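Novice: After the structure tokens below, expect a handful of questions from me.
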Amino acid sequence: SGGLGGRIGVTWRGRSALDSRIGGVTDTLRFSSLLLLNARAFADVKKILPGERWAKSLRLSLSVSNLTNARQHVYDSHGVTPLQYQPAYRDPLGRTIEFEIRKVF
């Protein structure tokens, strides 16, 4: 079982607006569109190096979340981003790359 494989995920959010009331002031917040791309690939090393005993039950995986490091932008009617909607608060990690080595003994 196992082998090589991968997965690509796409999430799209269109532009939108929200009427809000912050600090007693009513305003319209505008949210930009957002396209998120996620990718994952894995390989069972035994399939690549069938003659190596140490490669048995060894899997390597690489995952990238938010491949393009996209962030949604939010503006009020004055073109200002309210503090709670700053990109670093809404998505503090941005692009995330993970490399995993898994071995079953």
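The values are calculated or read from the model by the stated rules, or taken from the named source; none is laboratory data. As the structure is a computational prediction, the values presented were derived from the model and not from experiment. Here Cβ is always computed from backbone atoms with ideal geometry, including for glycine, and neighbour counts include all displayed protein chains. To get the accessible areas, we keep the full protein, side chains included, count just its heavy atoms, and leave off ligands, DNA and RNA. Shrake-Rupley method; radii C 1.70, N 1.55, O 1.52, S 1.80 Å.
Novice: Considering the stretch 82-105 alone, what residues qualify as being more than 30 Å from Ser57 (Cα to Cα), not in a loop (DSSP other than H, G, I, E, B) and not charged (D, E, K, R)?
Specialist: Leu83, Gln84, Tyr85, Pro87, Ala88, Tyr89
Novice: Take the stretch 1-46 and flag every residue that is under 16 Å from Tyr85 (Cα atoms), small (Gly, Ala, Ser) and at pLDDT below 95.
Specialist: Those that are under 16 Å from Tyr85 (Cα atoms), small (Gly, Ala, Ser) and at pLDDT below 95: Ser20, Gly23.
Novice: Answer with yes or no whether Ser77 is exposed (fewer than 15 other Cβ atoms within 10 Å of the Cβ), closer than 30 Å to Arg13 by Cα, in contact (Cβ under 8 Å) with a residue 24 or more places away in the chain and not aliphatic (A, V, I, L, M).
Specialist: Yes, satisfied.
Novice: Residues of the stretch 84-105 being open to solvent by 100 Å² or more (accessible area, probe 1.4 Å), closer than 15 Å to Val64 by Cα and of a type outside the set (A, V, I, L, M), which ones?
Specialist: Listed by number, the residues that qualify are Arg95, Glu98, Phe99.
Novice: Sticking with this one: Could you list, in sequence order, all residues of the stretch 15-53 that are assigned to a loop (DSSP other than H, G, I, E, B) and farther than 17 Å from Arg71 by Cβ?
Specialist: Gly23, Gly24, Leu49, Pro50, Gly51, Glu52
Novice: Among the residues of the stretch 59-74, which ones are assigned to a loop (DSSP other than H, G, I, E, B) and either open to solvent by 20 Å² or more (accessible area, probe 1.4 Å) or touching a Phe, Trp or Tyr at 6+ places or on another chain (Cβ under 8 Å) (or both)?
Specialist: Matches in the stretch 59-74: Leu67, Thr68, Asn69, Ala70, Arg71, Gln72, His73.
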